[in-house]
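The next block holds one structure in the form of structure tokens; read it before the comments.
The values are calculated or read from the model by the stated rules, or taken from the named source; none is laboratory data. Please read all numbers here as calculations on a predicted model, not as lab measurements. All Cβ positions, even for glycine, are placed from backbone atoms using ideal geometry, and neighbour counts span all protein chains on display.
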Amino acid sequence: MRDTGLSLNTVAERFSVSPWYFSRIFNELSGSRFPDYVNNLKLNRARELLSQDQTSDINEIALKVGYNSSTYFTSLFKKKFGVSPSKFRNNSRIQGLFLLFGKIFTY
């Protein structure tokens, strides 16, 4: 999910409405502000990538989901999930090992 211009202005222009009007309608229909919604999508995708893609570093993950600043990405990720992206990745690795060992020892 690369950020290919997914901004309020770009989307509003695509629907031929003003940014103010699109924002108001989006908020009414979704119960969320558009930028918050987009950030939520990006952060959830980053969480998936951190668990699945062990070869990309944190900066590459941030770029893949549309953040140009890994510092900004890290602060948003930690605010949403309560841990830094690197700590989340390490915890995912440990959980993966426990699952693997559990399967090995149950056979």
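Miscellaneous remarks
- Within the stretch 72-91, the residues that satisfy the criterion of being surrounded by fewer than 17 Cβ atoms within 10 Å (Cβ to Cβ), under 14 Å from the mean Cα position of the chain (by Cα) and of a type outside the set (Gly, Ala, Ser) are Tyr72, Lys78, Lys79, Lys80, Phe81, Val83.
- Pairs linking a residue in the stretch 37-52 that is in contact (Cβ under 8 Å) with a residue 60 or more places away in the chain and crowded, with 18+ Cβ neighbours inside 10 Å to a residue that is assigned to a helix (DSSP H, G or I) and small (Gly, Ala, Ser), with Cβ atoms under 7 Å and 6 or more positions apart or on different chains, do not occur.
- Scanning the stretch 38-78 for residues that are under 20 Å from Arg93 (Cα atoms) and among the β-branched types (Val, Ile, Thr) yields Thr55, Ile58, Ile61, Thr74.
- Search result, residues across the stretch 21-35 that are surrounded by fewer than 11 Cβ atoms within 10 Å (Cβ to Cβ) and not small (Gly, Ala, Ser): Glu28, Leu29
- Number of the condition not met by Ser18 [criteria: (1) out of contact with any Leu (no Cβ under 8 Å at 6 or more places or on another chain); (2) modelled with pLDDT of 95 or more; (3) surrounded by 13 or more Cβ atoms within 10 Å (Cβ to Cβ)]: (3)
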